[in-house]
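A.B. asks: Below is a structure I'd like to ask you about.
What follows is calculated from the coordinates using simple rules that are stated; it is not laboratory data. The structure presented is a predicted model; accordingly, all values stated were derived computationally and were not measured. Note that each Cβ is placed from the backbone with ideal geometry, even for glycine, and that neighbours are counted across all protein chains shown.
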Amino acid sequence: MTRVVVVDDQTLVRHGIRGLLDLAGIDVVGEAGDGAAALEVIAGAEPDVVLLDLRMPRHDGIWVLKRLREAESRVPVLVLTTFNDDELVLEALRAGARGYLLKDVTLEQLTRAVHTLADGGTLVAPSITDRLLRAVQEGPPPAAEGPVRIEDLTGREVEVLRLVAEGYSNREIAGVLHLAEGTVKNHVSAILLKLGARDRTNAVLRALHEGVLP
C-alpha cells in the first residue's frame, strides 16, 4: 500500500484528504499543519509521497521543499494547493516538487498523481502545463550553469527524457521502450548528470529552456 503524509494548515482539509485516500486504498501515515512539523513527520513516517500545501503559517511549502532538498531527501513531493500562479508553480518545481495539482482535482486524478510520483514519475496539472512551459521558455535556466546541447544526450536518452516530461514512471518507460527498468534508471541518471539537474522535474525544465525538448 502506498504511504502518504498530508501537510496542510487546515485540519478539515487534512481530514478530508485522508478520508478520500483511505477510500482509494492509500495509507495516510502522517499529518502536519505547518512546515516545521512537516519535516518531523516526514522523517518519522518515511512516506512514499508527501502531499504539500504551499501557504502555511511559520514555514510555508517552499521552505519545506528547500529543507528536504538540503537534506537530500528522496521522498517525492506533490504540491496540492488552491494557488494557480505561474511564479509559484515554477518556484515550487525549482525547489524540488515532483508534481503540482490544484485542489479542485477529482479523487481519481489525485490517486493517479500519488501513484505516478510513488513510481518515480512527475505530474503537473494539465490546466497549467501550457502556461508553465511558456514561462520556462521565457525565463532563466532553472539549474546548472553552462549550455546544454542536444548532442550531449544520446538518442535513447532523448527518448527517455521525452517520456519523463510526459509524466511516465521508470516502469512505464521500460514498457514503452521495451527496456529493463534498471536500464531506464541508468539512462535517467545519465540525463541528470549531463543536464546538471538535481531531479527529474528540474531536468525537464532545463531541457525545455535550452531547446533540448521541443
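A.B. asks: In whole Hz and in residue order, list the ³J(HN,Hα) couplings for the stretch 177-194 that follow from phi through the Karplus curve 6.51 cos²θ - 1.76 cosθ + 1.60, θ = phi - 60°; x for Gly and Pro.
C.D. replies: Per residue, the Karplus-derived 3J(HN,Hα) values read 9, 6, 10, 6, 4, x, 5, 4, 4, 5, 5, 4, 4, 5, 4, 4, 5, 5 Hz.
A.B. asks: Relative to the present Cα-Cα distance, how much length would full extension add between ALA180 and LEU193 at 0.36 nm per residue of separation?
C.D. replies: 2.6 nm
A.B. asks: Here's something else I'd like to know. What are the GluC sites (Glu not before Pro) within the stretch 1-77 that DSSP puts in a loop, where the Cβ has at most 15 other Cβ atoms within 10 Å?
C.D. replies: Counting only loop positions with at most 15 other Cβ atoms within 10 Å, the GluC sites (Glu not before Pro) in the stretch 1-77 are GLU72.
A.B. asks: Starting from the stretch 30-68, pick out the trypsin sites (Lys or Arg not before Pro) whose DSSP state is loop and whose Cβ has at most 16 other Cβ atoms within 10 Å.
C.D. replies: Filter output for the stretch 30-68: ARG55, ARG58.
A.B. asks: Going by the alpha-carbon gyration tensor, a ≥ b ≥ c the square roots of its eigenvalues, is the stretch 3-136 rounded (a/c under 1.5) or, if a/c is not under 1.5, prolate (a/b greater than b/c) versus oblate?
C.D. replies: rounded
A.B. asks: Nearest 500 deg cm²/dmol is fine: what mean residue ellipticity at 222 nm does the chain get from its DSSP H runs of n ≥ 4 alone, each adding -39,500 (n - 2.57), divided by its residue count?
C.D. replies: Taking each H run of at least 4 residues, the total per residue is -16000 deg cm²/dmol.
A.B. asks: Moving on. Excluding ARG3 itself, calculate the net charge of residues whose Cβ lies under 11 Å from the Cβ of ARG3, where each Lys or Arg counts +1 and each Asp or Glu counts -1.
C.D. replies: Combined, the nearby Lys, Arg, Asp and Glu give -3.
A.B. asks: Give the relative contact order (percent, whole number) for the chain; include only Cα pairs under 8 Å separated by 6+ residues.
C.D. replies: 16 percent
A.B. asks: Next up: Only loop residues by DSSP count here, and only those with at most 16 other Cβ atoms within 10 Å; note down the GluC sites (Glu not before Pro) in the stretch 163-214 that meet that.
C.D. replies: Those satisfying the criteria are GLU166.
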